[in-house]
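**Q** If you scroll down you'll find the structure; I have some questions about it.
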Amino acid sequence: MGSGAASFAASAPATLRECAAQKNLLVGTAGSSKQLTDPNVADLISKQANILVAENAMKWQHIHPSQDRFDFTGGDSLLRFASEHRQAVRGHNLCWHNQLPVWFQERATSSNAADLLRSHIAAVAGRYAGRIQSWDVVNEAVRVEDGRPDGLRNSIWLRLLGPQYLEIAFRAAFEADPHALLTYNDYDLEQDSPLHARKRRSVLQLLTSLRERDIPIHALGLQSHLKAGATIPDWSNLLRFLEQVEKLKLQIFITELDVDDSKLPAPAAQRDRVVGALYEDYLKHVLKRDSVKAILTWGISDAGTWLNSFNPRKDSLPQRPLPFDGELQPKPAFFAMRSAILQCRSRHADQLKAVSTFLRRS
Ligand code: G3I
C-alpha cells in the first residue's frame, strides 16, 4: 500500500455513522426489541446508525392489538434506545394492507373504516409527535398487477374506502404530528424490468395527484429490496424517475435496503462480493441525486433477515443480504456503503440540524 492510501485509511472515518455525518446524511437500520436488547447488536447499531426504524413494532398488528387497546412497548423502547444514542427515528407505518390485527379485519366496514384509520393515526402518530423524523404514512398502495387504471392495489383499504383512504391517512398524520416528514413508501421501483417501469409510472401518477390536491406529503420511500443476478442493472430509468419525483418537491429516502441472494451460487465469499457490488453500484447512482437524504437497511446483520422466511434459498443456506454477517463482522456490502457515502456530495446541513431539533424534544 502506498503512503497516500495508508494515510487515507488512517484518516478515513470507520463507521457508517461517521461517514454519513460528514455528508449530513442519515444512515441506519430497521431493528427489533430482540436486537436492541442484545448487547453486541445494540453496540453495533449505536455505532453504525444515526437513524432507526422499527421492523414490526409500530405496525397495526403490534401497536393496536385490540380495538380498545394500544401496546406501545416496542415503539417506546425503540425511541428510548434512539434517544440514548442520539439517533433519529422513522415511523413505520400508519396504513398498510398487511399485518392488520384480526379485530380490524372482522369489524371494519365502509362506514367505520375512515374513523378507525383517523383514530389509529391520531393515537400512534400523536404519541410520538415531535420525535419522529419521518412517518411511512401509507405503505405499498400500488400494485399494477391488480389491473386498475390508477395502479392502486386492491387492498382492504381501497375496498372499504376507495382511493380517498390515502388522503385521509396523510391529513390525519399531519394533524397528529406536523413536524414529521410524511412519506409514501413502496417496493419494486428500482430495477430495470417492465414491472418496475409500470410501477414507477403508477407511483408517479399517485404522488402527482397527492401534490396537486395539496395533500401533505414530503417524501418518497424507495424500499430498495434488490435482487442479485448475473448482471448489475442499468439505473438510468430509476434516475429519471427520481428527477420527476424531485420536481414534485419531494425528498427521497432509501428505506429498506437489502439484497436477495437466492439466485446466486452457494459460496459465501462469492455471494458477498456480488451483493456488495450491487450495493455499491446502486448507492453510487442514487446518491447522485441530492434529494436522497437517508439510507436505511432492513436489518443490520444477516442473522434474522426476513428473506430467509419470505424467499428461502433452494439449497437452504441462509441468505446474506445485509452489511454485517451473522457474527457481526463487516462484509463487502458494508465497505460498499461506506465508499458510496464518502464519495457522494454533502447534503445541506439543515437536514441534520432538523434532526437535532427533534432529538432535543425527545
Ligand atoms: O409476532 C409473531 C410471533 O408471535 C409468532 O410466534 C411468529 C411465528 O411465525 O410470528 C410473528 O410474527 C411475524 C412478524 O414478522 C414478527 O416477527 C410474522 O409471522 C411475519 O409474517 C412478520 O414478517 C414481517 C413482514 O414485514 C410482514 O409482512 C417481517 O418481519 C418484516 O421484516 C417485513 O417487513 C416489510 C416491511 O414492513 C414493508 N416492506 C417489506 C418488508 C419485508 O417484507
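**Q** Work through the residues other than residue 214 whose Cβ is under 13 Å from its Cβ and net out their charges, Lys, Arg +1 and Asp, Glu -1.
**A** Summing Lys/Arg as +1 and Asp/Glu as -1 gives +2.
**Q** Over segment 149-225, calculate the relative contact order: mean separation of alpha carbon pairs under 8 Å at least 6 apart, over the residue count, as a percent.
**A** Numbers: 67 pairs, mean separation 31.2, N = 77.
The normalised contact order for segment 149-225 reaches 40 percent.
**Q** Label points 7 Å out from Cα along the Cβ direction at residue 270 and residue 42: separation in nm?
**A** Placing both labels 7 Å along Cα→Cβ, they lie 4.1 nm apart.
**Q** Please state the relative contact order of the chain as a whole percent: Cα pairs under 8 Å, 6+ residues apart? Write down the numbers at each step before the final one.
**A** Details: 673 pairs, mean separation 64.3, N = 362.
Over the chain, the number comes to 18 percent.
**Q** Mind telling me which of 67, 133, 319 comes out most flexible in a GNM of the chain, alpha-carbon contacts under 10 Å?
**A** It is 67.
**Q** Take 136, 302, 260 and order them by how many other Cβ atoms sit within 10 Å, fewest up front. Present the calculation step by step, with values, prior to reporting the outcome.
**A** Details: 136 28, 302 25, 260 19.
Going from sparsest to densest Cβ surroundings: 260, 302, 136.
**Q** Next question. Count the net charge of all other residues whose Cβ sits under 15 Å from the Cβ of residue 240, scoring Lys and Arg as +1 and Asp and Glu as -1. Before the final figure, lay out each step's value.
**A** On the way: positive: 198, 199, 200, 201, 247, 288, 289; negative: 190, 192, 234, 243, 246.
It works out to a net charge of +2.
**Q** Under 5 Å between amide hydrogens, which residues at least 5 positions from residue 53 or on another chain qualify, with H placed 1.01 Å from N in the peptide plane?
**A** So residue 53 has HN proximity to 29, 30, 31, 90.
**Q** Can you give me the distance in nm between label points at residue 122 and residue 236, each placed 7 Å from the Cα along the Cα-to-Cβ direction?
**A** If labels sit at residue 122 and residue 236, their model points lie 5.2 nm apart.
**Q** Then there is this: Rank the residues 72, 241, 81, 335 as a footprinting-exposure proxy: fewest other Cβ atoms within 10 Å of their Cβ go first.
**A** The most exposed by this proxy come first: 335, 72, 81, 241.
**Q** Once fully extended, how much extra length lies between residue 68 and residue 97, figured as 0.36 nm per residue of separation less the alpha-carbon to alpha-carbon distance? Kindly include the intermediate steps, with their values, before the conclusion.
**A** Values: separation 29, 0.36 × 29 = 10.44 nm, distance 2.01 nm.
Residue separation times 0.36 nm, minus the Cα-Cα distance, leaves 8.4 nm.
**Q** Show me, for segment 52-66, the HN-Hα J-couplings you get by feeding each phi into the Karplus relation (A = 6.51, B = -1.76, C = 1.60, θ = phi - 60°), rounded to Hz, glycine and proline as x.
**A** 10, 9, 7, 5, 9, 4, 9, 6, 3, 4, 8, 8, 9, x, 9
**Q** Percent antiparallel among DSSP beta bridges with both residues in segment 116-243, to the nearest 5?
**A** On the way: 1 of 10 bridges.
DSSP beta bridges in segment 116-243 are roughly 10 percent antiparallel.
**Q** Classify segment 95-153 as rounded, prolate or oblate, taking a ≥ b ≥ c as the square roots of the eigenvalues of its Cα gyration tensor: rounded when a/c is under 1.5, otherwise prolate if a/b is larger than b/c and oblate if not.
**A** On the way: a/c = 2.37, a/b = 1.32, b/c = 1.80.
Oblate, because a/c is 1.5 or more while a/b does not exceed b/c.
**Q** Springs between alpha-carbon atoms under 10 Å, Gaussian network over the chain: tell me which of 126, 147, 91 tops the mean-square fluctuations.
**A** Highest fluctuation of the listed residues: 147.
**Q** OK, next. Taking H as built 1.01 Å from N, whose amide H comes closer than 5 Å to the amide H of residue 252, not counting residues under 5 places away?
**A** Close amide H contacts, sequence-distant or interchain: 220, 292, 293.
**Q** In this model, which of 23/199; 47/249; 34/199; 284/331; 47/293; 34/284 are farther than 24 Å apart at the alpha-carbon?
**A** Values: 23/199 31 Å; 47/249 32 Å; 34/199 34 Å; 284/331 18 Å; 47/293 19 Å; 34/284 32 Å.
Beyond 24 Å between Cα atoms: 23/199; 47/249; 34/199; 34/284.
**Q** Within the chain, what percent of beta bridges assigned by DSSP are antiparallel, to the nearest 5?
**A** Values: 3 of 39 bridges.
Antiparallel bridges make up about 10 percent of those DSSP assigns within the chain.
**Q** Which angle between 0 and 90 degrees, to the nearest 10, do you get for helix 113-127 versus the longest principal axis of the chain when only C-alpha atoms count?
**A** For helix 113-127, the angle is close to 50 degrees.
**Q** Kindly put 55, 190, 167 in sequence by how many other C-beta atoms sit within 10 Å of each C-beta, fewest to most.
**A** With the fewest neighbours first, 55, 190, 167 line up as 167, 55, 190.
**Q** I would also like to ask the following. Local charge sum around residue 223 (other residues, Cβ-Cβ under 15 Å, Lys/Arg +1, Asp/Glu -1)?
**A** On the way: positive: 59, 90, 143, 153, 199, 200, 227; negative: 55, 136, 140, 186, 188, 190, 256, 258, 260.
In short, -2.
**Q** If I model a spin label at residue 311 and residue 22 as a point 7 Å from the Cα along the Cα→Cβ vector, what separation in nanometres do I get?
**A** If labels sit at residue 311 and residue 22, their model points lie 3.3 nm apart.
Just so you know, all these numbers are worked out from the coordinates, no wet-lab data involved. For clarity, every value in this text was computed on a predicted model and none was experimentally measured. Methodologically, a virtual Cβ is constructed for each residue, glycine included, from the backbone with ideal geometry; neighbour enumeration extends over all protein chains shown.
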